[in-house]
1. Looking at 78, 113, which one is at pLDDT 95 or above and either within 12 Å of ligand 2 (Cβ to nearest atom) or touching a helix residue (DSSP H, G or I) at 6+ places or on another chain (Cβ under 6 Å) (or both)?
2. Kindly list the number of the only condition in (1) closer than 30 Å to residue 149 by Cβ; (2) assigned to a helix (DSSP H, G or I) that fails for residue 105.
3. Are any of the residues in the range 115-122 closer than 23 Å to residue 183 by Cβ and in contact with a strand residue (DSSP E or B) (Cβ under 9 Å, 6 or more places away or on another chain)?
4. Residue 170: surrounded by fewer than 18 Cβ atoms within 10 Å (Cβ to Cβ) and not in a helix (DSSP H, G or I), yes or no?
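The values are calculated or read from the model by the stated rules, or taken from the named source; none is laboratory data. Keep in mind it's a predicted model, so treat the numbers as computed, not measured. Quick reminder, even Gly has a Cβ in these numbers, built from the backbone with ideal geometry, and neighbours come from all protein chains shown.
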Ligand code: SF4
Ligand code: SF4
């Protein structure tokens, strides 16, 4: 796994409470699509190519392929902790006040984590990073109410939303991520 920074703060559409209901119903572009029963481009378009099969590739024998989440080198988008209004605030994510406090204590004046090394795009405290920086099925379930079976797809969507927000929808980082998750897809 990459030693780039990882902090799993998905966009609003992925954030659910323990009873699997959305914690908030914001009118983000993605949520508007969902409400209208349309394809939410930012969350479902996880294809690396121009395939428009809702993020699922069809291989030989029409076997469905799914991207495999992984953290890529030279990204670090999720270590920008203050990502703006389309992402949930710490208060909207965490129930435990100490988590909120810890999260806020990491935010530097420019919105990036104080432990993020911009020159190398790596976490300087990787081995000791907080639990919420770990993109893992258990963490996604605990924090966001995301079923473990859906972890892979949700983690891919979260990274795509985050990378788009930080580097842009035509960025090299986004291309690299899409290629990586499809290269190792099953
Ligand atoms: S501690 Fe900071 S730099 Fe390290 S993974 Fe978490 S947000 Fe990123
Ligand atoms: S946004 Fe995703 S790919 Fe980029 S550093 Fe974070 S976890 Fe890794």
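1. Details: 78 fails: at pLDDT 95 or above.
Of the residues listed, the single one that is at pLDDT 95 or above and either within 12 Å of ligand 2 (Cβ to nearest atom) or touching a helix residue (DSSP H, G or I) at 6+ places or on another chain (Cβ under 6 Å) (or both) is 113.
2. Failing condition for residue 105: (1).
3. As a first pass, look at the range 115-122 and keep what is closer than 23 Å to residue 183 by Cβ: 121-122.
This time we only want the ones that are in contact with a strand residue (DSSP E or B) (Cβ under 9 Å, 6 or more places away or on another chain), so: 122.
For the range 115-122, residues closer than 23 Å to residue 183 by Cβ and in contact with a strand residue (DSSP E or B) (Cβ under 9 Å, 6 or more places away or on another chain): present.
4. Values: surrounded by fewer than 18 Cβ atoms within 10 Å (Cβ to Cβ): yes; not in a helix (DSSP H, G or I): yes.
Yes; evaluated as a whole, the condition is true for this residue.
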